[in-house]
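Written out below as structure tokens is the structure these notes cover.
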Amino acid sequence: MIDEVGFMFNIFVQACGTALVVGFGAVMLAAVPPTSTCRGVLQAAAAGYVIYMVISWILWIGPSRLVSPDAVTYDRIASEVANWWSGASASQPTVPSGKELFIYILAVLYLLFGHAPLAGLAINSLMFSWVILLVGDATAKLAGHRAATVASRLVLLHPAMLIWGTQLIREPAAWLCIAALLNVGVRIIIGGLTRRRCVAVLLAGSLFVPTRATIAVFVLAAFIFSLVVLGSDRLVRGSTRLRGIGMMLVCAALVVFLAPRFGDLNVFSQLDPSSIVNRHNELRTTARTGFGGEVDPSSSYGGILSQLPTALAMVLFGPFPWQFPSTPVFADADALAWWITCGMAVAGWRHIGRPRWLFLVMAMTMTIIMAGTLANIGIVIRMRAQLVVLVIPLAAVGFTRARGQAGATRRRGYLEHQSRRPAVGLRRAGVT
């Protein structure tokens with residue numbers, strides 16, 4: 001009887017904790033000022049929060065084959081950390097390097113409310129809704145509210161987001177950091193550097209490193225390079241260029257110092273050539289969708305570079321149509337959506353002014369790092385969702401301009417047709 005009461009009490013605490021987290025997310029979204037962005041973006045963010053939370057709960061409660069193996073691993077490690085914090089376990093669990101942030105978020109939830117993975121999924125849905133807000137806001141700065149609405153809906157409906165944003169994994173946290181950096185970068189290039197924006201870069205960078213480790217370090221380097229070198233004419237407002245560059249470099253130094261405080265994170269040890277080669281060979285053989293040849297561990301960076309052309313093609317365009325029979329259906333859908341998104345992005349890239357170089361440098365850096373470390377189509381699709389965050393604003397601009405030009409052509413044709421009609425009527429009536 002006592003065990004049954006304790007079990008029911010634990011279930012009640014978990015349900016209350018989940019309800020509190022869901023309510024917190026709703027309040028966070030409701031607190032966004034309606035004047036801060038367009039109505040279409042706010043509606044997409046609210047819809048994303050609800051839809052993704054419901055889907056993620058259904059997947060978690062449903063058959064186990066619908067749950068990512070990494071989600072099960074994160075859930076287990078977070079439970080072990082929470083037990084260690086509460087004193088229920090005497091041994092300190094090992095937290096994977098570069099993944100600490102999301103695991104610690106889950107551990108805090110489990111410490112407060114017991115084992116409540118649904119609360120963690122609600123947090124992921126909240127982070128995803130803020131990705132929609134930040135991407136939409138950045139697009140509005142580039143091309144207006146109509147393009148922002150298109151961008152927010154593309155984020156909401158993109159297969160990569162739907163596949164990985166509904167799992168208990170760290171992907172929404174990584175997307176949020178990238179979207180925050182992109183939003184602040186666009187604002188800095190257009191409006192200049194302020195202390196508030198510098199703090200935003202510091203916060204996003206410090207959270208990005210313990211979420212995505214190596215990729216985060218290189219993306220932050222590309223971000224700062226883009227602002228200092230390519231956006232230097234509008235880097236500062238009311239101050240010297242040297243002062244603005246100094247502020248960005250100090251911010252970068254603080255990120256490097258603060259990010260490892262989350263755990264035993266040694267990013268640069270992951271850049272050791274033997275570590276990269278071992279990771280490449282392991283990913284290549286852990287699933288049926290591996291690509292590239294086996295790299296000799298003694299070949300150092302030369303072996304990695306020899307595989308780079310194949311890996312770049314796979315990251316940018318894979319899986320290819322002839323690979324569809326051997327890849328999962330969701331991978332095929334993601335590839336089709338990725339090709340369409342990239343096509344629209346190419347059309348929109350040249351129309352956003354100077355910020356286009358920020359998008360290009362960050363995307364190229366991320367692509368090269370992924371090509372150098374990945375050798376599995378499934379992992380490529382999962383990691384490429386980070387590129388989707390960068391590409392969607394450009395795709396929205398391209399789509400909006402194409403639709404506007406098509407509408408203008410139709411209106412011009414209609415007006416020309418109407419202008420000829422009176423003359424035709426007069427000629428038929430015998431009037432010259």
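Scanning the stretch 351-360 for residues that are open to solvent by 30 Å² or more (accessible area, probe 1.4 Å) and within 16 Å of the chain's Cα centre (by Cα) gives a single hit, Leu360. Of all residues assigned to the stretch 287-310, none qualifies as being in contact with a helix residue (DSSP H, G or I) (Cβ under 8 Å, 6 or more places away or on another chain), farther than 19 Å from Pro159 by Cβ, open to solvent by less than 20 Å² (accessible area, probe 1.4 Å) and modelled with pLDDT of 70 or more. For the stretch 204-214, what are the residues that are closer than 21 Å to Pro355 by Cβ and hydrophobic (A, V, I, L, M, F, W, C)? Hits for the stretch 204-214 are Ala204, Phe208.
May I ask you to verify whether Ala147 is more than 17 Å from Gly40 (Cα to Cα) and at pLDDT 85 or above? It is false that Ala147 is more than 17 Å from Gly40 (Cα to Cα) and at pLDDT 85 or above.
In the stretch 66-105, the residue that is nearest to Gln167 (Cα to Cα) out of those that are open to solvent by 70 Å² or more (accessible area, probe 1.4 Å) and outside any helix (DSSP H, G or I) is Thr94.
Go through the stretch 15-45 and give me each residue that's under 12 Å from Gly136 (Cβ atoms) and either in contact with a helix residue (DSSP H, G or I) (Cβ under 6 Å, 6 or more places away or on another chain) or at pLDDT below 70 (or both). Answer for the stretch 15-45, where residues must be under 12 Å from Gly136 (Cβ atoms) and either in contact with a helix residue (DSSP H, G or I) (Cβ under 6 Å, 6 or more places away or on another chain) or at pLDDT below 70 (or both): Val32, Ser36, Thr37, Cys38, Gly40, Val41, Ala44, Ala45.
Does Ile224 satisfy the condition of being in contact with a helix residue (DSSP H, G or I) (Cβ under 9 Å, 6 or more places away or on another chain), buried (at least 17 other Cβ atoms within 10 Å of the Cβ), at pLDDT 80 or above and more than 25 Å from Ala45 (Cβ to Cβ)? Criteria met by Ile224. Checking the stated criteria, Gly348 turns out to be more than 19 Å from the chain's Cα centre (by Cα), open to solvent by less than 40 Å² (accessible area, probe 1.4 Å) and modelled with pLDDT of 80 or more. The one condition from (1) in contact with a Ser or Thr (Cβ under 6 Å, 6 or more places away or on another chain); (2) free of Cβ contacts under 8 Å to residues at least 12 places away in the same chain that Arg350 does not meet is (1).
The values are calculated or read from the model by the stated rules, or taken from the named source; none is laboratory data. Just so you know, these numbers come straight off a predicted model, no measurement behind them. Neighbour counts are summed over all protein chains in view; Cβ atoms, including those assigned to glycine, are modelled from backbone coordinates with ideal geometry. Side chains included, ligands, DNA and RNA excluded: accessible areas come from the protein's heavy atoms. Shrake-Rupley method; radii C 1.70, N 1.55, O 1.52, S 1.80 Å.
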